[in-house]
1. What percent of all Cα-Cα pairs in the stretch 55-141 falls into each 5 Å bin, going from 0 up to the bin containing the maximum distance?
2. Which whole-number percentage describes the relative contact order of the stretch 72-111, with Cα contacts under 8 Å and a sequence gap of 6 or more?
3. Please give the calculated 222 nm ellipticity per residue for the chain, where each DSSP H segment of at least 4 residues contributes -39500 (n - 2.57) and the sum is spread over every residue; nearest 500 deg cm²/dmol?
4. I'd like the distance between the alpha-carbon centres of the stretch 34-70 and the stretch 1-33, rounded to an integer number of Å.
5. For the chain, set up a Gaussian network in which alpha carbons nearer than 10 Å are linked by springs, and say which option among 89, 78, 33 fluctuates the most.
6. Can you find, among 112, 34, 62, the residue sitting farthest towards the positive end of the charge dipole of the chain, where Lys and Arg contribute +1 and Asp and Glu -1 at Cβ?
7. So which lysines can residue 36 reach, going by Cα to Cα under 17 Å and dropping same-chain residues fewer than 8 places off?
8. Would you calculate the separation in nanometres between label points at residue 52 and residue 23, each defined as 7 Å from the Cα along the Cα-to-beta-carbon direction?
Amino acid sequence: MNNQIAYITRREHFNAAHRLFKADFSDEKNLEVFGKCSNPNWHGHNYTLFVTIKGTVDAETGFVMNLKELSRIIRTEVIDKLDHKNINVEVDFMQGKLASTENLAISIWEVLVDSLKPFSTVLLHCIKVQETENNFVEYYG
């Protein structure tokens, strides 16, 4: 039995708008805490998402998982819901959550960990959401 573990990462892109704010903060407090990211008229990013899974390499295919299938799951469950959307308003899995990159990464994890359950030899390892060239979040569940 082949028990070699490998990690594979799929990269995807999406564009989305959001606003960092708390309704119970005053406009001044939101500006103090969140800066320009609390703009009442929103702001946007060109995000890059990295989904890393790990698992046993299948002796027959040489795959941990077929990357076409992984891409399909990510697109259906995450990208189609986020791309060219307002994260605060239009994204079902972000409802009631502060639209920070940290919360976005955690929420993407929660969506994908359930979607990958049918693949019993695969585990979600890391979600990395890159918001800007200089800022990204990694979440390991």
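Computed from the coordinates by the stated procedures, all read-outs in this text should not be read as laboratory data. Note that the structure is a prediction, hence the values are computed from the model and not measured. Note: ideal-geometry Cβ built from the backbone for every residue, glycine included; neighbour counts use all protein chains shown.
1. Bin by bin from 0 Å, the calculated values are 3, 13, 21, 24, 18, 11, 6, 3, 1.
2. On the way: 22 pairs, mean separation 13.0, N = 40.
For the stretch 72-111, the relative contact order is 32 percent.
3. So the helix-based figure for the chain works out to -7000 deg cm²/dmol.
4. Each part's Cα centre sits 11 Å from the other's.
5. Answer for the Gaussian network model of the chain: 33.
6. 62
7. Once the sequence-local lysines are set aside, what remains near residue 36 is 22.
8. 3.7
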